[in-house]
Amino acid sequence: MHIGKILAEKTINFCRDAGYHSIYLWTLKNLIAARIIYEQYGFKLIEEKEHFFWGQNLTEQCYTLKLKK
């Protein structure tokens, strides 16, 4: 298992064990490998925003994962 998947799994398990109802994260659209991991674990895209970062226009994305019903 790659480090990204290990970190995602440990984070999700920690949040479940802590009793969180949901978690969310912000990432950049061009970080494709990260987005694939998030989607594999069930995160859903809920928001996008365009920003000027580091000398370029980038799309920020917010993902959420429901842990409890």
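We did not get these values from a lab; they are worked out from the coordinates using the rules stated. Just so it is clear, the model here is predicted, and its values are computed rather than measured. All Cβ positions, even for glycine, are placed from backbone atoms using ideal geometry, and neighbour counts span all protein chains on display.
Only residues that are more than 21 Å from His2 (Cα to Cα) and either of a type in the set (Gly, Ala, Ser) or in contact with a Lys or Arg (Cβ under 9 Å, 6 or more places away or on another chain) (or both): list them for the stretch 24-51, please. Of everything in the stretch 24-51, those that are more than 21 Å from His2 (Cα to Cα) and either of a type in the set (Gly, Ala, Ser) or in contact with a Lys or Arg (Cβ under 9 Å, 6 or more places away or on another chain) (or both) turn out to be Lys44, Leu45, Glu48. For the stretch 19-69, a residue qualifies if it is outside any strand (DSSP E or B), under 16 Å from Ala8 (Cβ atoms) and among the hydrophobic types (A, V, I, L, M, F, W, C), and the qualifying residues are Leu31, Ile32, Ala33, Ala34, Ile36, Ile37, Phe43, Leu67.
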